[in-house]
Amino acid sequence: DIAQQTRNIDRLVQRVYDMKISHVFLQAFSDPQGDGNVKALYFPNRWLPVRADLFNFVSWQLQTRGRVKVFAWMPVLAFNLAPPLPRVQRWDPQSGRTLTATEPYIRLSPWNTQARRQITDLYEDLARYAPFNGILFHDDAVLSDFEDAGPEALSAWRQTGSTTAIAEMAHSPAAQEAWTRFKSQALTAFTLQLSQATQR
């Protein structure tokens with residue numbers, strides 16, 4: 001109901017203005033199932049369906065009428081892009097098997113060049129399409145002790161000079177600390193790349 005949607009947005013903007021709010025984190029992605037796996041977005045883009053073309057309009061209304069700074073709230077890895085793109089893999093200490101990680105979300109592997117390129121495309125598309133003041137990265141940019149156990153991640157890990165396998169981490173605190181630092185630095189570097197691509 002477009003008319004009701006417009007009335008809802010008008011009420012939202014007025015409420016934000018009346019409450020003298022200074023910053024709004026505006027969700028640019030759709031997650032109607034609430035499972036954290038992003039299958040659609042609220043802006044035109046190259047890779048995912050558009051649930052509703054709303055982000056630009058709401059962002060502009062909030063900035064011009066609500067007088068707030070708008071931060072685009074975006075996932076980092078939990079995009080439901082093409083199935084061939086590799087997902088984060090988790091080594092299961094009970095079975096010794098490697099499986100697609102599903103908690104807290106199914107995520108794309110940040111070590112895959114094509115996955116990183118398509119995610120960057122989404123950020124560029126948002127920046128071309130809508131005015132906003134900054135980015136709020138979603139909480140999906142996280143890897144557990146046993147992630148990412150995919151081949152590209154493990155290859156990058158070996159290139160650091162480490163020969164410790166994930167299965168051996170529990171017996172080597174120094175290797176586990178290095179593994180954690182390696183992953184944290186990779187995630188931080190990727191979010192910085194996304195920020196730079198958005199600014200460009």
Kindly indicate the residue of the stretch 137-149 that is among the aliphatic types (A, V, I, L, M) and within 20 Å of Asn80 (Cβ to Cβ) and also surrounded by the most Cβ atoms within 10 Å (Cβ to Cβ) among those meeting that condition. Leu143
Just a yes or no: is a residue in the stretch 5-23 of a type in the set (Val, Ile, Thr), out of contact with any Lys or Arg (no Cβ under 9 Å at 6 or more places or on another chain) and either within 21 Å of Leu122 (Cα to Cα) or open to solvent by 40 Å² or more (accessible area, probe 1.4 Å) (or both)? yes
Of the numbered conditions (1) open to solvent by less than 50 Å² (accessible area, probe 1.4 Å); (2) over 26 Å from the mean Cα position of the chain (by Cα), Asp31 satisfies every one except a single condition; which is it? (2)
Checked the stretch 160-200 for anything free of Cβ contacts under 8 Å to residues at least 60 places away in the same chain and under 15 Å from Asn112 (Cα atoms); matches are Lys183, Ala189
Suppose the filter is over 27 Å from the mean Cα position of the chain (by Cα) and open to solvent by 60 Å² or more (accessible area, probe 1.4 Å); does Arg51 pass it? no
Just checking, does the stretch 165-188 include any residue being within 30 Å of Thr64 (Cα to Cα), surrounded by 13 or more Cβ atoms within 10 Å (Cβ to Cβ) and under 19 Å from the mean Cα position of the chain (by Cα)? no
Give me the pairs: first residue in the stretch 20-47 and on the phi > 0 side of the Ramachandran plot and assigned to a loop (DSSP other than H, G, I, E, B), second residue among the charged types (D, E, K, R) and surrounded by fewer than 14 Cβ atoms within 10 Å (Cβ to Cβ), beta-carbon distance under 9 Å, and six or more apart or on different chains, which are they? Lys20/Arg67; Gly36/Asp139
Could you please let me know if Trp60 is touching a residue at least 60 places away in the same chain (Cβ under 8 Å), more than 17 Å from the chain's Cα centre (by Cα), farther than 30 Å from Leu154 by Cα and open to solvent by 40 Å² or more (accessible area, probe 1.4 Å)? yes
Of the criteria (1) over 18 Å from the mean Cα position of the chain (by Cα); (2) open to solvent by 20 Å² or more (accessible area, probe 1.4 Å); (3) on the phi < 0 side of the Ramachandran plot; (4) not hydrophobic (A, V, I, L, M, F, W, C), which one Arg87 fails: (1)
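The values are calculated or read from the model by the stated rules, or taken from the named source; none is laboratory data. This structure is a prediction, so every number in the text was calculated from the model and none was measured. We place every Cβ from the backbone using ideal geometry, glycine too, and count neighbours over all the protein chains shown. Surface areas here come from the heavy atoms of the whole protein model, side chains and all, with no ligands, DNA or RNA. Shrake-Rupley method; radii C 1.70, N 1.55, O 1.52, S 1.80 Å.
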